1. Only residues that are open to solvent by 40 Å² or more (accessible area, probe 1.4 Å) and not basic (Lys, Arg): list them for the stretch 107-125, please.
2. Among the residues of the stretch 609-627, what is the count of those that are farther than 13 Å from Ser561 by Cα and of a type in the set (A, V, I, L, M)?
3. Here is a check on your reading of the model: is Ile258 in contact (Cβ under 8 Å) with a residue 40 or more places away in the chain, hydrophobic (A, V, I, L, M, F, W, C) and surrounded by fewer than 17 Cβ atoms within 10 Å (Cβ to Cβ)?
4. Just one of Ala330, Ala268 is in contact with a strand residue (DSSP E or B) (Cβ under 9 Å, 6 or more places away or on another chain) and part of a loop (DSSP other than H, G, I, E, B); which is it?
5. Could you give every pair whose Cβ atoms fall below 8 Å, whose first residue belongs to the stretch 489-502 and is without any contact (Cβ under 8 Å) to a residue 40 or more places away in the chain, and whose second residue is part of a loop (DSSP other than H, G, I, E, B), counting only separations of at least 6 or pairs across chains?
6. I need a count of the residues in the stretch 59-73 that are under 15 Å from Glu122 (Cβ atoms), surrounded by 14 or more Cβ atoms within 10 Å (Cβ to Cβ) and of a type outside the set (Phe, Trp, Tyr).
7. Does Glu342 qualify as being open to solvent by less than 90 Å² (accessible area, probe 1.4 Å) and without any contact (Cβ under 8 Å) to a residue 60 or more places away in the chain?
8. Can you find a residue that is of a type in the set (D, E, K, R), touching a helix residue (DSSP H, G or I) at 6+ places or on another chain (Cβ under 8 Å) and at pLDDT below 85 anywhere in the stretch 271-285?
Amino acid sequence: MIRFAHSLEYRLVTLVGFGLLLCSLLAGIFTYNYTYNRQLEAARSLQDQLVRTIQAQAEVAAFAFNVEIAEGVLDGLMANPVILAVKIDAMENFKHERLARAQVDFNKATVYPLHSPVDSVERIGNLLVVQNEVQVDNEAAQYAFIYTIVMLIQVAVAAVLLTFTLRSVMTRPVAQLAQGMLKIRPGGGERLEVDAAHAKNEIGLLSNSVNALLDAAESAIHEERTLRTALDTTGRIARVGGWTLELATQTLTLSDEIYRIHDMEPHASLSIEEAIANSNLESQGIFRAAVSIAIAQGKPFDLELPWTTFTGRSIWVRAQGQCEIDRGRAIRLYGAFQDITERKQLQDEILRHQEQLEHRVIKRTAELEATMESLHRSQEELTRSEAKATLSVLVASVSHEMSTPIGNSVMASSTLADHVKSFQSVLETGQLKRSDMNGFVKAVHDGVALLQSNLQRAQNLLRNFKQVAADQASEQRRRFDLATAIKEVVQTLTPSIKHRPHRVTVDVPNGIEMDSFPGPLGQIVINLINNAYLHAFDDSRPGVFSIRAELEGPRVHLIFSDNGMGIKPEDVERMFQPFFSTKIGQGGTGLGMSIVDNLVHKTLSGDLKIRSVVGVGTTIDVFIPRVVPSE
């Protein structure tokens, strides 16, 4: 041990000395690089100052092709030892240079542009300056050499001091510690003595650590015994027993719970074959195969098997095992047995309940499907009712709107009848005058004009309503002009919405021919307008609902937008759900937007999306093909 202490001393001294030497060399290299860069930077700075001082003269020499000035500039620069070569390279082959040695590479030179003294923008040549890096390198190397020598001297002094210190501080105390450790015997209760001189240094800490290790070892032995007792108790409670098989000696070690599970005499000596001999042949074969694979391939196993105890009792066990491998060789197999008979019985009970539950689920599913079918039929009925309600509104609106032109026509015809009656009386008395004739003609002319105007208005209303109503009722496919169809729908809605402060604008270009279903398209327009009037606007300020259309190749992009209150983000995702409305009981049915979604996707083979900002308004983009695909 003393020899080891001396060897450790020499190795530490050598290692530390080598480390200090390496640090000295690295410091010298760093010093050289640092000094070289600083010297090089200083030389470049000095060079820049010199060039700025005489650059004006060089520009005059290059501009005037003055050789004397050029040579003066070059001589002035070459007087500085940090400059190795200079060269004036002007236009029209005016070139002059000075070299400190025969071969100089001007490709490494610093280039300073020369400009015309007359025009500072015009460049007339270059001043090339090559630094004398050799001188800079020599100065840096000399400084690094001196610094390295000083560091080496410090290394030598440090090695001597380290040797003396280690011998007095570590070698002798370690030798004394080794002699004390040789006297300690396991279980003897001896401990290392720590004197006052080393109570707080590393030797004292090491001695105290050895004493603490001895205390920990004795405590670990006690804890291991306590833990073994606790594991046996836990295994008995959980019905889990452990086993170990030493492969070299085929020694089988069993815990107390293993004996209990297999109804064996406690601590009976058995081989692994004897331990499994009572079980049925199938379980024996499965267990042996799992053990063989674990030994050959190192693969753990986890089995649930029917088992027979030594008293002939049938149980279910969970058998687990894992092989311990050392340097590629299997040395030990260890595992556990657990009595899971009650758990298996519980699983069987659960399976029976699960089968009953599956039958109940199938029955309830059939009932639910019937309920859903009834709900779908109800939804379809509500959808048709919504469409009929829309048509009823159109009928009521057109009827109300037609009352005005018809009433005017009745009034005009009554007035004409009165004029005819008066004219006839005058005519019968024979007192007809030209003025009477002119008055009668004018009255007839005005009455006929009023009749024609009101009857024409009624005829247009009936024609538009007839077309829209026919489309709504039949949902037949036909060719139509998109602008005309939308305007007809909007006109039929005018009587019902004209008393509100809001207005509807239509900007759909003429000539977009559609081969589609005008009825569902009209229903979409009606539902979107009604939805905006119900949800987007209040009557406190006028609102605008606009309908625009853009042709995008084979499809049409319809843009329905309003400047109303907007929709909350959480409500946007629910807008097309049936029966969802923020005004249920206040005029909203919750079906309008659901019908729009169904008509766009299923009937018109299109798509739609919603963009809305609260307080700004809502835009609904509807994309439908000009020619609806045939089913």
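1. Asn107, Thr110, Val111, Pro113, His115, Pro117, Val118, Asp119, Ser120, Val121, Glu122
2. Adding up the residues that qualify gives 3.
3. no
4. Matching residue, one of Ala330, Ala268: Ala268.
5. Qualifying pairs under 8 Å: Arg500/Phe537; Arg500/Asp539.
6. Residues flagged as under 15 Å from Glu122 (Cβ atoms), surrounded by 14 or more Cβ atoms within 10 Å (Cβ to Cβ) and of a type outside the set (Phe, Trp, Tyr) within the stretch 59-73 amount to 3.
7. no
8. Checked the stretch 271-285: no residue is of a type in the set (D, E, K, R), touching a helix residue (DSSP H, G or I) at 6+ places or on another chain (Cβ under 8 Å) and at pLDDT below 85.
The values are calculated or read from the model by the stated rules, or taken from the named source; none is laboratory data. All of these numbers come straight from a predicted model, not from anything done at the bench. Note that we place each Cβ from the backbone using ideal geometry, even for glycine, and neighbour counts take in every protein chain shown. Calculation scope for accessible area: heavy atoms of the full protein, side chains included, ligands and nucleic acids excluded. Shrake-Rupley method; radii C 1.70, N 1.55, O 1.52, S 1.80 Å.
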